[in-house]
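The values are calculated or read from the model by the stated rules, or taken from the named source; none is laboratory data. Computed from a predicted structure; not experimentally measured. Remember, those area values only see protein heavy atoms, side chains included, never the ligands or the DNA or RNA. Shrake-Rupley method; radii C 1.70, N 1.55, O 1.52, S 1.80 Å.
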Amino acid sequence: MSDTIIAIDGPSGSGKGTISRRVAARLGWRLLDSGALYRLVALGGAARGLDPSDESGHAQVATTLDARFEVNERGGERVLLDGADVTRELRAETTGNMASVVAAMPAVRAALLGRQRAYAEAAGLVADGRDMGTVVFPDAGLKVFLTASADERARRRYNQLKEKGLPANLAGLSQEILERDRRDSARSVAPLRPAADAVVIDSTGCTIEEVVAQVLSLARLRFPVNP
Ligand code: C5P
């Protein structure tokens, strides 16, 4: 099934989430938001009172993760963890930062590997993350590495959080994005980097639809699809 996988990797705020969602919808393919799994492990660990540095505790949370991804009445996302609605907390910047700490733990990454690969059992998957093309789906038929300048990524993140009614501060976000990039790129397991065969797209100054169109035209070249 790996030939019908599009892996979209890149740093925080590069637009991967929105672009992956739109590409999946246009192709009628499934979506794997792998960042949400790391965010859920961080929230699950906090709910159990785990120390942020407790690797085996977080790996246990990852192994037994009871997560459900649903669509709400307005067509947006609703995410349940152990049956409780965590949609709002999931997208908070503090949760993203906690996720990047647990994501550096090899046992947590190993525990989530099978769950992520299971998404590819049926044909047609858009996988969004940091290591989709390098580790989780190394045989993906199309690999895209999406970047944008750090300033633009901080601005996009700011607008996204404001739209969701979540607290945001532009200067603080710039700092946090740089710190998260550093942690995600420097870790020993599955560091953030483009796969050797990835197409790098710099989306600075591009609209979302321009980038979606680029990914769809690459998909048309690689797969027998008619988006
Ligand atoms: O993409 P998102 O901001 O939701 O990801 C949250 C954090 O989860 C990232 O900063 C990164 O540390 C981690 N992550 C990862 N590998 C992935 C997806 C996310 O390490 N495939």
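Results, tabulated for the structure shown:
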read-out	value
Per-residue HN-Hα couplings for region 213-219 [Karplus 6.51, -1.76, 1.60; θ = phi - 60°; Hz; x = Gly/Pro]	4, 4, 5, 5, 6, 5, 4
Accessible surface, region 2-222, averaged per residue in Å² (probe 1.4 Å)	45
Under-5 Å amide H pairs with I201, H placed in peptide plane, nonlocal only	F145, L146, T147
Principal axes of region 119-159: Cα extent on each, largest first, Å	37, 18, 14
Considering only the chain, percent of DSSP beta bridges that pair antiparallel, nearest 5	30
Kirkwood Rh, angstrom, the chain [1 / mean 1/r, Cα pairs]	17.8
q = 0.16, 0.22, 0.23 Å⁻¹, region 66-117: log10 I(q)/I(0) [Debye, one scatterer per Cα]	-0.60, -0.99, -1.03
Anisotropy class of region 6-124 from Cα gyration tensor, a/c 1.5 cut	prolate
MRE, 222 nm, helices only [DSSP H, n ≥ 4, -39500 (n - 2.57), over the chain, to nearest 500]	-15000 deg cm²/dmol
Interchain or long-range residues, amide H under 5 Å from I6's placed H	L125, V126, A127
